[in-house]
Amino acid sequence: MESAVELVVAQDAEAAAALAAGELVHAARAGLHIALSGGSTPRRAYELAAAAEPDWSRATLWWSDERAVPPDDPRSNYRLAREALLSRLAQPPAAVHRIRGELGAVAAAAELAAALRDVELGLVLLGLGGDGHTASLFPGKASVTERTRLAIAAEPGLEPWVERITLTVPAHCAARRIVFLAVGAAKAEAALRAFGGPPDLATPASLVRSTSGSTLAILDADAARLLQR
Ligand code: 6PG
């Protein structure tokens, strides 16, 4: 039985980032396998997590999705984490499993799927798109219905228009803890559908719930506006 999603509403984006940073720090100290997300929202959470705990030597890092670009590309999700988190640590993680976007989406996804076999993700941090996507699981795209593989190449559904590599719905749902972080009024409608309604293929984030653990959505007041009515 899938767990329901727990909602936490922070007063603003900074407070929401601090809560997400706390989740990351807890997982890093516990030596878990942690999957990071991309987009712009997690940047502040990464900075706060690095400041709160500079020793990540017990943690192993993964990503829930990546753009098919080299690691130095401004669109790279790895690059965001390197700038905001990894470069600020005194003790780096035990292992960093960057998704190698420069291989092309199909090869990078196959490499990721093979590396993830037999790995239990202890924490997956995810964002939410205004269209209800999460990771690179976009509404109406074939990636949303993949049920067998752990990671696949995926078409973009929004900018940047570059091929993606994404963990699939079942790979996400196998994680022990899933934490969504979404802030701002532009996310309010998607948050209502993702966290206040039934599972729906048109809102991929609504399909991502930990099967054996817990799922938390950290929202700021603007993103939670329609859920609080
Ligand atoms: C990506 C993401 C994606 C992101 C959302 C939210 O690679 O684009 O992982 O799923 O989390 O699009 O992005 P923002 O934080 O920029 O709003």
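For residues that are part of a helix (DSSP H, G or I), open to solvent by 60 Å² or more (accessible area, probe 1.4 Å) and closer than 19 Å to Arg177 by Cα, tally how many sit in region 6-41.
The number of residues fulfilling the criteria is 3.
How many residues does region 106-125 contain that are surrounded by 16 or more Cβ atoms within 10 Å (Cβ to Cβ), within 16 Å of Ser136 (Cβ to Cβ) and touching a strand residue (DSSP E or B) at 6+ places or on another chain (Cβ under 6 Å)? Residues flagged as surrounded by 16 or more Cβ atoms within 10 Å (Cβ to Cβ), within 16 Å of Ser136 (Cβ to Cβ) and touching a strand residue (DSSP E or B) at 6+ places or on another chain (Cβ under 6 Å) within region 106-125 amount to 6. Please determine, by comparing only the residues of region 67-91 that are assigned to a loop (DSSP other than H, G, I, E, B) and under 18 Å from Leu126 (Cα atoms), which one is most open to solvent (accessible area, probe 1.4 Å). Looking at the filtered set, the residue picked out is Arg75. Filtered by the rule that a residue be part of a strand (DSSP E or B) and of a type in the set (Asp, Glu), region 170-207 gives a lone residue, Asp200.
Does region 42-66 hold any residues that are near the ligand (Cβ under 9 Å from one of its atoms) and surrounded by fewer than 24 Cβ atoms within 10 Å (Cβ to Cβ), and which are they?
Taking region 42-66 as the starting set, the residues that turn out to be near the ligand (Cβ under 9 Å from one of its atoms) are 42-43, 63-66.
Listed by number, the list holds a single entry, Arg43.
Restricting to region 140-149, name every residue that is open to solvent by less than 60 Å² (accessible area, probe 1.4 Å) and modelled with pLDDT of 95 or more. Within region 140-149, Val144, Glu146 qualify.
Among the listed residues Pro170, Pro204, Pro160, which satisfies the condition of being modelled with pLDDT of 95 or more, under 19 Å from Ile99 (Cβ atoms) and either more than 16 Å from the ligand (Cβ to nearest atom) or surrounded by fewer than 17 Cβ atoms within 10 Å (Cβ to Cβ) (or both)?
On the way: Pro204 fails: either more than 16 Å from the ligand (Cβ to nearest atom) or surrounded by fewer than 17 Cβ atoms within 10 Å (Cβ to Cβ) (or both); Pro160 fails: modelled with pLDDT of 95 or more.
Residue meeting the stated conditions: Pro170.
The values are calculated or read from the model by the stated rules, or taken from the named source; none is laboratory data. Quick caveat, the model's predicted, so the values are computed rather than measured. With ideal geometry, Cβ positions are generated from the backbone for all residues, glycine too; neighbour counts draw on all protein chains shown. Just so you know, the surface numbers come from the protein's heavy atoms only, side chains and all, with ligands and any DNA or RNA stripped out. Shrake-Rupley method; radii C 1.70, N 1.55, O 1.52, S 1.80 Å.
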